[in-house]
Amino acid sequence: MFRFFERLVDPYTPYPEADHPPNKLWPFLREYARPFRRVFFYATVSSVLVAVVEVLLIFYLGRVVDLLNDSGPAAVWDRHGTQLIAIAAFVLLLRPIILALNVAILNNSIIPSFGTLIRWRSHRHVLRQSVAWFENDFAGRIANRIMQTPPAAGEAVFHVFDSIAFSLAYFVGAAVLLFEADLRLAVPLLIWLVLYAFLVRWTVARVAPASKASSEARSNVTGRVVDSYTNIHSVKLFSHHEGEIEYAKEAIEETRRTLMREMRLYSIMDITLVVLNGFLIVSVVGWTIVLWTRGEATVGAVAAATALTLQLSGMTDWFMMSVSNLFRSLGVVSEGMETIAQPIALVDKPGAKPLKLGSGKIEFQALTHHYGRQSGGLDGVDLVISPGEKVGLVGRSGAGKSTLVKLLLRFHEPESGRILIDGQDITKVQQESLRAMVGMVQQESSLLHRSIHENILYGRPDATAAEVKKAAKRAEADKFIRDLKDPKGQGGYEAQVGERGVKLSGGQRQRITLARVILKDAPILILDEATSALDSEVEAAIQDTLYGMMEGKTVIAIAHRLSTIAKMDRIVVLDEGKIVETGSHSELLAKEGLYASFWKRQSGGFIGSGVEAQ
């Protein structure tokens, strides 16, 4: 039975991805709720039915009291036995079925799938964001919002159908019954409802922003804590234990303050509610007793009114908490939307086609990018890299080398100018197809928290185990991989590397990333300080592998260690975002310009004087 309800909605159903999702709360939730419209209708109907059944049972309780009061035991059974048996059968059989349907729709159809759908789509949306977008926020805070928004949305939906729809139907049913019993009985109930509505409105108006503030504070705590854990080596190295504790404490204390402000609202609400419920019980039950003393109401009416008001009194706290929790959940969703509902800034142009790589010619035309500032980055760079040419990029820190590579990979859009690959403007082709044609070894060789095999396979997911091992051997990594063991006892290529590859040395991580790029075998190769983490012995052993990787490819190599690019076909020197020198190693040394000064400063570039003489 449960499987039937669990399959009513597929949370992974295809949907049109939006670059600009709704940034208002209700349109945002409505968009996610589309696949659930039919199920939400069933939930509403079943919740109302449950409320009607409960009200009618209280009404019938009053009728039973009147029957017992008006007739003896034998007469009651003779006259009303069939009716009593029918009601008993309804309570034992039909009522549980109605309740079971309501519970199954809520617990098995909506709760698991609604949160899953939001988390799945949110993760897909966030992964489409640009690298620059991720660089502007805490990874921990982004992840926290992805994790806490879906259950909050699920809770909101649950409260709407489990509590609010039921309670509203119950209140209406109670008012109708009291009105039918005696019009005057409905007056105190209506007065109470008006006062209760004001209390709900007052609470909701304050709970939603208070809940959003609490959620933001919790996300900030998560971001700071995860930041400390991620950079634990720096924390230990610089003896910043107390500083990090204090840094986290500031956010933790702010979370406590926001929660205290939120809890004050609930305390005020609870105290006021006790007073209102006292008024409800005394006014309705007291007035019913007065009517009974006058002979204008039966004992059954007194019993029904008493049961009804006591039930309403018990429900009001539950209803108020449900409404408060609803808006608390909506506050969490609203805070999560600050991440989930952000538009995708860097998107493929309409009708963009895959990049068709021919010979691998790269052209940078009047390329300018300052990251929105007045300086830094690139300033009007013109550069043509011929098919199969190996070009080294040299320059001081901040000269624009990394910016050039980021723009080539389309991690950012250039502020002006353009980049062509085989005559195709990269802003007009599909991003995925562009990056599929580029293999890159970065200076910071960060790995996924998975096995060695999975990390290398990331370069080409359809590769065989033999191809993975071959790539590792070419990267001089197979030997140390075979000796690896993780804490779970898994070894070799199945050993887990830890978060960002923390269980491996810098040189080992670099060789794994090299193996990954070797396996990818892309026609354009970017080396960003590819051997910076390797010791001299391993670097010497891997130099042949690097030059072997370059064969038949268009190569851009960034290096501060000039020995790694001395054999390039051409070296381009950047300074303050402009190309100031270009030529071969020997030509640039002969010019005695900026490159020659770098070379001298490195005592021959860490390669022998014989090479310099050549």
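Mind listing whichever residues of region 351-367 are of a type in the set (D, E, K, R) and either touching a His at 6+ places or on another chain (Cβ under 9 Å) or not in a loop (DSSP other than H, G, I, E, B) (or both)? Quick ask: steps written out before the conclusion?
So in region 351-367, the residues of a type in the set (D, E, K, R) come out as 353, 356, 361, 363.
Within region 351-367, K353, E363 meet the criteria.
Tell me the residue from A100, A51, A89, A43 that is closer than 30 Å to F5 by Cα, in contact with an Asp or Glu (Cβ under 9 Å, 6 or more places away or on another chain) and of a type outside the set (K, R), please.
That would be A43, the only listed residue that is closer than 30 Å to F5 by Cα, in contact with an Asp or Glu (Cβ under 9 Å, 6 or more places away or on another chain) and of a type outside the set (K, R).
Those residues that are open to solvent by less than 30 Å² (accessible area, probe 1.4 Å) and over 21 Å from L310 (Cβ atoms), I need them from region 180-203; list them, please.
T203
Collect the residues in region 116-132 that are part of a helix (DSSP H, G or I), surrounded by fewer than 18 Cβ atoms within 10 Å (Cβ to Cβ) and either at pLDDT 85 or above or not small (G, A, S) (or both), keeping them in residue-number order.
T116, W120, H123, R124, L127, V131
Would you be able to say whether some residue in region 491-502 is on the phi > 0 side of the Ramachandran plot and open to solvent by 40 Å² or more (accessible area, probe 1.4 Å)? It would help to see each step written out before you state the result.
Of the residues in region 491-502, the ones on the phi > 0 side of the Ramachandran plot are 492, 498, 500-501.
Still in the list and also open to solvent by 40 Å² or more (accessible area, probe 1.4 Å): 500.
The answer is yes; a qualifying residue exists.
Which of the residues belonging to region 296-350 are open to solvent by 30 Å² or more (accessible area, probe 1.4 Å), farther than 30 Å from V275 by Cα, assigned to a helix (DSSP H, G or I) and touching a Phe, Trp or Tyr at 6+ places or on another chain (Cβ under 8 Å)?
Within region 296-350, none qualify.
All but one of (1) without any contact (Cβ under 8 Å) to a residue 60 or more places away in the chain; (2) more than 30 Å from S446 (Cβ to Cβ); (3) among the charged types (D, E, K, R) hold for K236, so report the exception by its number.
(2)
From the residues in region 448-482 that are small (G, A, S) and not in a helix (DSSP H, G or I), which one is farthest from R516 (Cα to Cα)?
That would be S451.
Can you say whether S267 is over 29 Å from the mean Cα position of the chain (by Cα) and either open to solvent by 30 Å² or more (accessible area, probe 1.4 Å) or modelled with pLDDT of 80 or more (or both), as far as the supplied structure shows?
For S267, the condition - over 29 Å from the mean Cα position of the chain (by Cα) and either open to solvent by 30 Å² or more (accessible area, probe 1.4 Å) or modelled with pLDDT of 80 or more (or both) - is met.
Show me the helices (runs of 4 or more DSSP H) entirely contained within region 6-96 in which 3 or more residues are over 28 Å from A297 (Cβ atoms) and open to solvent by 100 Å² or more (accessible area, probe 1.4 Å).
37-70
List the residue pairs whose Cβ atoms are under 9 Å apart, where the first residue sits in region 130-148 and is on the phi > 0 side of the Ramachandran plot, the second is among the aliphatic types (A, V, I, L, M) and surrounded by 17 or more Cβ atoms within 10 Å (Cβ to Cβ), and the two are 6 or more positions apart or on different chains.
From region 130-148, no pairs qualify.
What's the number of the condition V405 fails, among (1) closer than 17 Å to I526 by Cα; (2) part of a loop (DSSP other than H, G, I, E, B)?
Checking V405 against (1) closer than 17 Å to I526 by Cα; (2) part of a loop (DSSP other than H, G, I, E, B), the one that fails is (2).
Is at least one residue of region 314-329 of a type outside the set (S, T, Y) and in contact with a Pro (Cβ under 9 Å, 6 or more places away or on another chain)?
Checking region 314-329: not a single residue is of a type outside the set (S, T, Y) and in contact with a Pro (Cβ under 9 Å, 6 or more places away or on another chain).
If you take the residues in region 45-79 that are modelled with pLDDT under 75 and in contact with a Lys or Arg (Cβ under 9 Å, 6 or more places away or on another chain), which one is nearest to D162 (Cα to Cα)?
Across region 45-79, the extreme among qualifying residues is L67.
Could you say whether any residue in region 441-448 is in contact with a strand residue (DSSP E or B) (Cβ under 7 Å, 6 or more places away or on another chain), under 30 Å from S402 (Cα atoms), of a type outside the set (G, A, S) and modelled with pLDDT of 90 or more?
No, region 441-448 contains no residue that is in contact with a strand residue (DSSP E or B) (Cβ under 7 Å, 6 or more places away or on another chain), under 30 Å from S402 (Cα atoms), of a type outside the set (G, A, S) and modelled with pLDDT of 90 or more.
The values are calculated or read from the model by the stated rules, or taken from the named source; none is laboratory data. What you see is a predicted model, and the numbers here were worked out from it, not measured in a lab. So basically every Cβ, Gly included, is an ideal-geometry build from the backbone, and we count neighbours across all protein chains shown. Note: accessible area is taken over every heavy atom of the protein model, side chains too, but ligands, DNA and RNA are not part of it. Shrake-Rupley method; radii C 1.70, N 1.55, O 1.52, S 1.80 Å.
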